[in-house]
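Undergrad: Sharing a structure with you now.
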Amino acid sequence: MGDAFIRHIELLGYEKRFFPSQHYVYMFLVKWNDLSEKVVYRRFTEIYEFHKALKEMFPIESGDINIENRIIPHLPAPKWFDGQRSTENRQGTLAEYCYTLVNLPHKISRCLHVVNFFKVRHDDMNPVTDSQIKKPEVFLLPKDSKKNPTDITGPIVLQTYRAIADYEKSSTSEMALKAGDLVDVVEKSENGWWFCQLKNKRGWVPAAYLEPLDGPDESEEQEPNYAGEAYVVQKSYTAVEEDELTLKEGDTIEVIHKLLDGWWVIRKDETTGYYPSMYLQKAGEVNTSVKSELRNRGAPPRRSTIRNVKSIHKQGRKQISQETYRRNSKKYIQNQRKTRGNSQNQANVIIEKNEPEDNKPKAQPAVPPRPSKDLILN
């Protein structure tokens, strides 16, 4: 495999830390060419020093020789005192800077200076903390506010979940769990992998291994949508469990229930079943190379496959059976067909009523009966 390079950098938000003294660090999700995803933390002073060194390495592209040749983005210098307001207000500029940086010519975006700066450090995975000092406050960038980072209202209290079973990580970007561990969820990805932190550890965890503390059911779970959303299969999958579907790349299906564990209920013709959401793409979306590469990752495990589950809740999580999905889906389809049929009949009646008189068949005049022979003789 070739040299490592960064495919994408996404600003997640920032943390307000209190050790060794109060300061702020930005949170970045860095996506690499080997399909790994790492979260790193950087102070703005570090980022600005990195930026100055990058300009010195590429004087032409930084506009030092001719301003018209500048392609390296601008970045304002740090303020003498960086408080929370300036940290928050700077996010729009910083997000745009990162986007432009990874899209520069490869000699810049893939140089060692860029690669090394965004590599995971020891304190990214194990930040220095003091148990006597309060935990960092996290200010996340809402999903619907990515284009306007100043919309952040914080601090955002991270949701705490409990591990229902032991989980052994299968890559360095994941985090191992023991049953009973309490983790804070930093990011919930719809593919079923959640980025969590546990004390001084951070990493990706399957959502199926986590349960809310206040009850067995997930309050953020959507209701089924039997109208369905059109999706296209981007990666083939062969069913392992009876309630899953086997599909081929290129198949068109409808998603009728998006579940947080990353296994969505889909409909193919009149058949329903589970399918990994990370292998699907919404119909009409552009199939970028990044999305194609991400689907080379494995799907997260399903809760039904987890052994030795230890929940703190007496009641189990509510679950809709595939028989119920199929029955309700069939009813919906039949009602839609019936509605369309009634609409078509009503349309035909309206057309007949509005048809011009000239187009309607004219009634033939009545022909008087011929007189019988008996009448003629008399």
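The values are calculated or read from the model by the stated rules, or taken from the named source; none is laboratory data. Since the structure is predicted, the reported quantities are computational estimates derived from the model, not experimental observations. Quick reminder, even Gly has a Cβ in these numbers, built from the backbone with ideal geometry, and neighbours come from all protein chains shown. Surface areas here come from the heavy atoms of the whole protein model, side chains and all, with no ligands, DNA or RNA. Shrake-Rupley method; radii C 1.70, N 1.55, O 1.52, S 1.80 Å.
Undergrad: Would you check if there is a residue in the range 229-249 being assigned to a loop (DSSP other than H, G, I, E, B), on the phi > 0 side of the Ramachandran plot and modelled with pLDDT under 95?
TA: Of all residues in the range 229-249, those assigned to a loop (DSSP other than H, G, I, E, B) come to 234-236, 238-243, 245-246, 248-249.
Next, only the ones that are on the phi > 0 side of the Ramachandran plot stay: none.
Checked against the condition, which is being assigned to a loop (DSSP other than H, G, I, E, B), on the phi > 0 side of the Ramachandran plot and modelled with pLDDT under 95, the range 229-249 yields no hits at all.
Undergrad: From the list E15, E96, pick out the single residue that is under 30 Å from V205 (Cα atoms), without any contact (Cβ under 8 Å) to a residue 40 or more places away in the chain and not in a loop (DSSP other than H, G, I, E, B).
TA: The conditions single out E96.
Undergrad: Now for a separate question. Could you tell me which numbered condition Y226 fails, if it satisfies all but one of (1) in a loop (DSSP other than H, G, I, E, B); (2) surrounded by fewer than 18 Cβ atoms within 10 Å (Cβ to Cβ)?
TA: Status for Y226: all satisfied but (2).
Undergrad: Given the options W204, W194, name the one that is closer than 20 Å to Y279 by Cβ, outside any loop (DSSP other than H, G, I, E, B) and in contact with a helix residue (DSSP H, G or I) (Cβ under 9 Å, 6 or more places away or on another chain).
TA: Values: W204 fails: in contact with a helix residue (DSSP H, G or I) (Cβ under 9 Å, 6 or more places away or on another chain).
After applying the criteria, what remains is W194.
Undergrad: Can you tell which of E168, E174 is open to solvent by less than 20 Å² (accessible area, probe 1.4 Å) and at pLDDT 80 or above? Walk me through how you get there before you give the answer.
TA: Details: E168 fails: open to solvent by less than 20 Å² (accessible area, probe 1.4 Å).
Among E168, E174, only E174 is open to solvent by less than 20 Å² (accessible area, probe 1.4 Å) and at pLDDT 80 or above.
Undergrad: Residue check: is E211 in contact (Cβ under 8 Å) with a residue 24 or more places away in the chain, under 22 Å from L140 (Cβ atoms) and not in a strand (DSSP E or B)?
TA: Answer is no for this residue.
Undergrad: Please enumerate the residues belonging to the range 49-80 that are exposed (fewer than 14 other Cβ atoms within 10 Å of the Cβ), under 36 Å from the mean Cα position of the chain (by Cα) and over 17 Å from L101 (Cβ atoms).
TA: A77, K79, listed by residue number.
Undergrad: Looking for whichever is within 28 Å of S329 (Cα to Cα) and either in a strand (DSSP E or B) or in the same structural domain as L35 (by the TED database) (or both) here; the options are E254, E220. Which one fits? Show your work before the answer.
TA: Details: E220 fails: either in a strand (DSSP E or B) or in the same structural domain as L35 (by the TED database) (or both).
Selected residue: E254, the only one of E254, E220 that is within 28 Å of S329 (Cα to Cα) and either in a strand (DSSP E or B) or in the same structural domain as L35 (by the TED database) (or both).
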